[in-house]
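Student: First, the structure itself, so that you have it in front of you.
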Protein chains: 2
Amino acid sequence: MKAIAVEPGAGEPTLVERPQPEPGTGEALVRTLRVGVDGTDHEVIAGHHGELPPGEERLVLGHEAVGVVADPNGTDLEEGEIVVPTVRRPPAGGTNEYFERGEPDMAPEGEYVERGIVGEHGFMSEYFTSPAEYLVSIPEELAALGFLVEPISISEKAFEHAFASRSAFDWNPESALVLGNGSLGLLTLAMLEKVYEFDRTYCLGRRDRPDPTIDIIEALGATYVDSRETPVSEVPDAYEAVDFVYEATGYAKHAVETVDALAPNGVGALLGVPEPWEFEVDGGHLHREMVLHNKALVGTVNSHRGQFESAVDTLSQLPDWFTDDLVTGVYGLEEYDAAFETGDEVVKTAVEFASL
Amino acid sequence: MKAIAVEPGAGEPTLVERPQPEPGTGEALVRTLRVGVDGTDHEVIAGHHGELPPGEERLVLGHEAVGVVADPNGTDLEEGEIVVPTVRRPPAGGTNEYFERGEPDMAPEGEYVERGIVGEHGFMSEYFTSPAEYLVSIPEELAALGFLVEPISISEKAFEHAFASRSAFDWNPESALVLGNGSLGLLTLAMLEKVYEFDRTYCLGRRDRPDPTIDIIEALGATYVDSRETPVSEVPDAYEAVDFVYEATGYAKHAVETVDALAPNGVGALLGVPEPWEFEVDGGHLHREMVLHNKALVGTVNSHRGQFESAVDTLSQLPDWFTDDLVTGVYGLEEYDAAFETGDEVVKTAVEFASL
């Protein structure tokens with residue numbers, strides 16, 4: 001079967017031939033439909049993130065997949081069922097408490113591998129196998145967009161953790177600011193507007209009009225904030241202090257400036273993964289502001305099965321026009337390299353391995 | 001009646017004569033028993049914090065009080081009942097949503113006054129009045145230590161908010177680090193050891209032995225961490241990464257270093273109120289570490305009635321030897337100035353206005 005793999009640091013993925021996998025006990029065989037491409041894939045391709053499976057020279061990419069069960073292999077799944085796989089798996093040494101309680105997203109480094117990212121092949125191949133417990137069923141009508149379930153689940157987790165941090169008091173958030181107008185930022189903005197029903201939302205980017213992401217932001221009813229004119233810490237003066245900030249830029253100064261963008265009792269969810277970077281901070285101001293106004297910052301990574309299930313429900317509530325505008329390209333295997341191209345006109349892409 | 005008041009910046013409090021207050025509708029008259037002294041009082045005395053009541057030249061100090069109801073004045077209280085007053089009151093303009101829902105601790109600046117600190121006289125006088133809703137009853141056997149209820153309530157709130165931030169997953173904290181060996185740090189350490197039953201606790205200070213606070217730390221079963229030998233960020237290497245950090249130093253670098261001291265999935269509660277201070281931070285590392293290990297930072301200030309009620313229960317569970325060692329001096333009005341003296345032998349002091 002064909003697969004899309006990358007040699008670390010090679011700079012671009014290649015199409016390779018691999019044996020079709022055979023499901024072991026408790027595993028199903030899945031025929032891959034579509035696999036999304038995101039920033040993490042680009043970091044793996046560039047060699048900035050990720051790890052090869054032991055003894056392998058290439059990593060099969062892909063962690064945002066949707067497929068159809070080809071062989072249930074004695075599991076509770078049914079042939080023809082549409083499924084989305086979760087990403088983390090137990091490490092070579094075997095399972096651990098995090099997987100046992102269904103919270104692999106809370107496992108620390110070394111206690112997991114990530115399919116398509118760290119130490120295990122991903123889903124960008126015509127078939128893949130997975131233990132049935134890591135396959136989440138989705139309705140057939142969502143099959144074409146099923147590759148959005150994984151990124152949505154990342155934000156479902158971030159919302160759960162951030163909102164939990166405000167559960168010790170009566171918190172009624174009305175305004176939210178998304179930092180970053182990439183595909184995850186735009187998906188999150190749509191969730192906040194259309195599903196979580198925030199009254200006022202903002203999305204920060206650094207693009208000139210005309211721009212497809214600014215069009216999406218405004219069509220959602222949100223306000224575009226140009227970071228070149230309005231730094232994050234000046235959002236309160238230019239617009240308003242917000243109850244919730246969602247950081248999806250990986251720009252380390254944003255984590256610090258988030259505290260200033262927040263209204264009293266607000267929370268910032270941090271999701272970016274920057275490299276080390278030393279800079280000057282008014283740490284006294286930051287600390288004082290967090291304390292005197294009861295502010296919180298919550299770092300969050302990955303997601304678990306329950307958050308994938310929430311994501312399926314969320315995906316079904318996003319308007320068609322939004323997903324149409326968000327997904328700027330779905331490419332067959334013969335033109336898979338187009339799915340990895342970047343540019344201001346590209347928002348979200350996927351590779352199609354098969355159609356229903 | 002006699003009261004202890006301060007002229008902002010005068011550097012020391014003075015004994016003044018004031019008219020005995022008369023309770024208004026819904027208010028009770030309370031005869032003051034004891035009022036504790038803490039770091040905030042010293043900041044108000046030094047002129048670094050606090051605000052005079054409108055039109056006044058002096059502020060009556062004191063926000064950690066216990067008293068006995070002298071005149072219930074038609075409220076549900078009874079004469080002779082032992083009560084502890086909460087600290088925040090609605091501002092001159094009238095009440096607001098935070099007070100209406102019993103969460104004045106979540107009110108932003110301008111939406112409250114604080115008795116003995118910001119814009120309203122405190123409790124260091126022979127009598128004070130208060131709306132009955134802000135008076136929390138305590139058992140008579142706790143009367144002598146009732147001035148500890150307010151500081152304990154500050155930590156009850158911090159625990160509630162910090163633990164809420166970890167409620168979206170299965171969190172079983174075992175280890176905690178308290179930054180600061182002042183009276184609030186030691187009270188919090190005792191709560192973590194004796195009431196919240198953490199398995200392993202640490203307390204950071206910068207003192208040489210022999211020292212009464214180190215003796216208390218070790219008698220509690222905790223480990224003393226000398227910050228001159230082991231900076232906060234090196235606690236994981238020297239001891240262990242901890243599940244919970246409680247910051248009570250007001251030293252801004254500690255807020256940043258807390259992220260490094262935390263174990264994966266841990267939370268830091270920030271309570272100090274530093275002045276602005278610019279310094280160099282590895283913001284990229286900080287941000288990345290919070291995200292990849294699901295860490296949280298929660299700022300928290302003040303406390304509400306429910307947390308005072310929890311504090312009464314907590315106080316009843318603290319060992320007698322601990323409160324005996326913690327309270328190094330209770331001084332009558334004729335020697336009130338001794339209660340404001342500081343030094344390595346002083347841990348917690350109070351002024352006694354009357355005894356039962």
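The values are calculated or read from the model by the stated rules, or taken from the named source; none is laboratory data. Worth saying up front: this structure is predicted, and the values here are computed from it rather than measured. Cβ sites come from the backbone with ideal geometry, for glycine too, and all protein chains shown count toward neighbours.
Student: Among what's in region A:152-171 and is farther than 30 Å from B:ALA107 by Cβ and of a type in the set (A, V, I, L, M, F, W, C), pick the residue that is surrounded by the most Cβ atoms within 10 Å (Cβ to Cβ).
Tutor: Let us first name the residues in region A:152-171 that are farther than 30 Å from B:ALA107 by Cβ, namely A:152-157.
Next cut, of a type in the set (A, V, I, L, M, F, W, C) only: A:152, A:154.
Numbers: A:ILE152: 27, A:ILE154: 25.
By that ranking, first place goes to A:ILE152.
Student: Which condition number in (1) within 29 Å of B:THR75 (Cβ to Cβ); (2) modelled with pLDDT under 95 is the one that B:GLU12 fails?
Tutor: So B:GLU12 meets the others, but not (1).
Student: Okay, moving on. Counting just the residues of region B:248-260 that are in contact with a Gly (Cβ under 6 Å, 6 or more places away or on another chain) and more than 7 Å from chain A (Cβ to nearest Cβ), which one comes out nearest to A:LYS253 (Cα to Cα)?
Tutor: B:THR258
Student: Would you pick out the residues in region B:96-105 that are buried (at least 17 other Cβ atoms within 10 Å of the Cβ) and in contact (Cβ under 8 Å) with a residue 24 or more places away in the chain?
Tutor: B:GLU103, B:PRO104, B:ASP105
Student: Restricting attention to region A:266-282, report how many residues are β-branched (Val, Ile, Thr), in contact (Cβ under 8 Å) with a residue 40 or more places away in the chain and within 7 Å of chain B (Cβ to nearest Cβ).
Tutor: 1
Student: Okay, next question. Given B:ALA296, B:ALA263, which one is under 23 Å from B:GLU240 (Cβ atoms), at the interface with chain A (Cβ under 7 Å from one of its Cβ atoms) and among the small types (Gly, Ala, Ser)? Step through it out loud before you land on a result.
Tutor: Values: B:ALA263 fails: at the interface with chain A (Cβ under 7 Å from one of its Cβ atoms).
So the residue among B:ALA296, B:ALA263 that is under 23 Å from B:GLU240 (Cβ atoms), at the interface with chain A (Cβ under 7 Å from one of its Cβ atoms) and among the small types (Gly, Ala, Ser) is B:ALA296.
Student: Further question: Pairs under 6 Å by beta carbon, first residue within 7 Å of another protein chain (Cβ to nearest Cβ) and closer than 23 Å to A:ALA162 by Cβ in region B:167-178, partner at pLDDT 95 or above and in a loop (DSSP other than H, G, I, E, B), six or more apart or different chains?
Tutor: Correct list of pairs: B:PHE169/A:GLU103; B:ASP170/A:ARG101.
Student: Out of all the residues in region B:340-356, which are more than 17 Å from the chain's Cα centre (by Cα) and of a type in the set (A, V, I, L, M, F, W, C)?
Tutor: B:PHE353, B:ALA354, B:LEU356
Student: Could you list, ordered by first residue, the pairs with Cβ atoms under 6 Å in which the first is in region B:70-81 and under 16 Å from B:GLU133 (Cβ atoms) and the second is among the aliphatic types (A, V, I, L, M) and not in a loop (DSSP other than H, G, I, E, B), at least 6 apart or interchain?
Tutor: Within 6 Å, the pairs are B:PRO72/B:ALA28; B:ASN73/B:ALA28; B:THR75/B:ALA28; B:THR75/B:ALA132; B:LEU77/B:ALA28; B:LEU77/B:VAL69; B:LEU77/B:ALA132; B:GLU81/B:VAL69.
Student: When only residues in region B:162-181 that are in a loop (DSSP other than H, G, I, E, B) and within 20 Å of the chain's Cα centre (by Cα) count, which is farthest from A:GLY299 (Cα to Cα)?
Tutor: Of all residues in region B:162-181, those in a loop (DSSP other than H, G, I, E, B) come to B:165-174, B:180-181.
Next, only the ones that are within 20 Å of the chain's Cα centre (by Cα) stay: B:180-181.
Details: B:GLY180: 25, B:ASN181: 28 Å.
Filtering first and then ranking leaves B:ASN181.
Student: Restricting to region B:78-108, count the residues that are farther than 27 Å from B:VAL6 by Cα and within 14 Å of chain A (Cβ to nearest Cβ).
Tutor: Matching residues across region B:78-108 total 9.
Student: Going residue by residue through region B:217-237, is there one that turns out to be of a type in the set (Phe, Trp, Tyr), farther than 16 Å from B:THR188 by Cβ, at pLDDT 95 or above and in the same structural domain as B:VAL178 (by the TED database)?
Tutor: Looking through region B:217-237, none of the residues is of a type in the set (Phe, Trp, Tyr), farther than 16 Å from B:THR188 by Cβ, at pLDDT 95 or above and in the same structural domain as B:VAL178 (by the TED database).
Student: Kindly indicate which of B:ASP215, B:ASP199, B:ASP243 is closer than 21 Å to B:HIS285 by Cα and in contact (Cβ under 8 Å) with a residue 24 or more places away in the chain. Full working, then the answer.
Tutor: Values: B:ASP215 fails: closer than 21 Å to B:HIS285 by Cα; B:ASP199 fails: closer than 21 Å to B:HIS285 by Cα.
Unique residue meeting the criteria: B:ASP243.
Student: Spot the failing condition for A:THR25; the list is (1) over 22 Å from A:LEU77 (Cα atoms); (2) surrounded by fewer than 22 Cβ atoms within 10 Å (Cβ to Cβ), and only one is missed.
Tutor: (1)
Student: Going by the conditions given, is A:THR213 crowded, with 23+ Cβ neighbours inside 10 Å, at negative phi, modelled with pLDDT of 95 or more and within 14 Å of chain B (Cβ to nearest Cβ)? If you could, list the steps in order and put the result at the bottom.
Tutor: On the way: crowded, with 23+ Cβ neighbours inside 10 Å: yes; at negative phi: yes; modelled with pLDDT of 95 or more: yes; within 14 Å of chain B (Cβ to nearest Cβ): no.
Judged against the criteria, A:THR213 is not a match.
Here is a yes/no grid of residues against (1) of a type in the set (D, E, K, R); (2) surrounded by 24 or more Cβ atoms within 10 Å (Cβ to Cβ); (3) within 14 Å of chain A (Cβ to nearest Cβ):
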residue	(1), (2), (3)
B:GLY110	no, no, yes
B:GLU114	yes, no, yes
B:HIS121	no, no, no
B:GLU126	yes, no, no
B:THR129	no, no, no
B:GLU133	yes, no, no
B:VAL136	no, no, no
B:ALA143	no, no, no
B:GLU150	yes, yes, no
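Student: If I ask for residues that are in contact with an Asp or Glu (Cβ under 6 Å, 6 or more places away or on another chain) and either in a helix (DSSP H, G or I) or among the charged types (D, E, K, R) (or both), which ones from region A:39-73 would you list?
Tutor: A:ARG58, A:GLU64
Student: Taking the conditions exactly as written (surrounded by 24 or more Cβ atoms within 10 Å (Cβ to Cβ) and more than 24 Å from A:PRO274 (Cα to Cα)), does B:LEU271 satisfy them or not?
Tutor: Numbers: surrounded by 24 or more Cβ atoms within 10 Å (Cβ to Cβ): yes; more than 24 Å from A:PRO274 (Cα to Cα): yes.
Judged against the criteria, B:LEU271 is a match.
Student: Here is a list: A:ALA168, A:ALA158, A:ALA164, A:ALA70. Which entry is modelled with pLDDT of 95 or more, touching a strand residue (DSSP E or B) at 6+ places or on another chain (Cβ under 7 Å) and more than 23 Å from A:VAL16 (Cβ to Cβ)? Give the derivation first.
Tutor: On the way: A:ALA168 fails: touching a strand residue (DSSP E or B) at 6+ places or on another chain (Cβ under 7 Å); A:ALA164 fails: touching a strand residue (DSSP E or B) at 6+ places or on another chain (Cβ under 7 Å); A:ALA70 fails: more than 23 Å from A:VAL16 (Cβ to Cβ).
It is A:ALA158.
Student: Please find, among B:VAL245, B:VAL312, the residue that is outside the structural domain of B:ARG115 (by the TED database), hydrophobic (A, V, I, L, M, F, W, C) and part of a strand (DSSP E or B).
Tutor: Values: B:VAL312 fails: part of a strand (DSSP E or B).
Only one candidate qualifies: B:VAL245.
Student: Can you tell me which of (1) buried (at least 18 other Cβ atoms within 10 Å of the Cβ); (2) within 14 Å of chain A (Cβ to nearest Cβ); (3) in contact (Cβ under 8 Å) with a residue 60 or more places away in the chain is the one B:LEU318 doesn't meet?
Tutor: (2)
Student: Please work out which one of (1) outside any loop (DSSP other than H, G, I, E, B); (2) touching a Leu at 6+ places or on another chain (Cβ under 8 Å) is the condition B:PRO21 fails and give its number.
Tutor: For B:PRO21, the failing item is (1).
Student: Can you tell me which residue within region B:183-226, out of those that are touching a strand residue (DSSP E or B) at 6+ places or on another chain (Cβ under 6 Å) and part of a loop (DSSP other than H, G, I, E, B), is farthest from B:LEU326 (Cα to Cα)?
Tutor: Ranking the qualifying residues of region B:183-226, first place goes to B:PHE198.
Student: Additional query: Take B:PRO274 and tell me if it is in a loop (DSSP other than H, G, I, E, B) and touching a Lys or Arg at 6+ places or on another chain (Cβ under 6 Å).
Tutor: Working: in a loop (DSSP other than H, G, I, E, B): yes; touching a Lys or Arg at 6+ places or on another chain (Cβ under 6 Å): yes.
Yes.
Student: Kindly indicate whether B:LEU61 is within 25 Å of B:VAL351 (Cβ to Cβ), aliphatic (A, V, I, L, M) and surrounded by fewer than 22 Cβ atoms within 10 Å (Cβ to Cβ).
Tutor: Details: within 25 Å of B:VAL351 (Cβ to Cβ): yes; aliphatic (A, V, I, L, M): yes; surrounded by fewer than 22 Cβ atoms within 10 Å (Cβ to Cβ): no.
In short, no.
Student: Further question: Is it true that some residue in region A:283-293 is crowded, with 24+ Cβ neighbours inside 10 Å, at the interface with chain B (Cβ under 10 Å from one of its Cβ atoms) and closer than 27 Å to A:VAL83 by Cα?
Tutor: no
Student: Okay, next question. From the list B:GLY93, B:GLY11, B:GLY80, B:GLY67, exactly one residue is within 24 Å of the chain's Cα centre (by Cα) and exposed (fewer than 15 other Cβ atoms within 10 Å of the Cβ). Which is it? Please lay out each step first, then the result.
Tutor: On the way: B:GLY93 fails: within 24 Å of the chain's Cα centre (by Cα); B:GLY80 fails: within 24 Å of the chain's Cα centre (by Cα); B:GLY67 fails: exposed (fewer than 15 other Cβ atoms within 10 Å of the Cβ).
After ruling out the rest, the residue left standing is B:GLY11.
Student: Residue by residue through region B:195-207, note down the ones that are closer than 21 Å to B:LEU148 by Cα and within 18 Å of the chain's Cα centre (by Cα).
Tutor: B:VAL195, B:TYR196, B:CYS203
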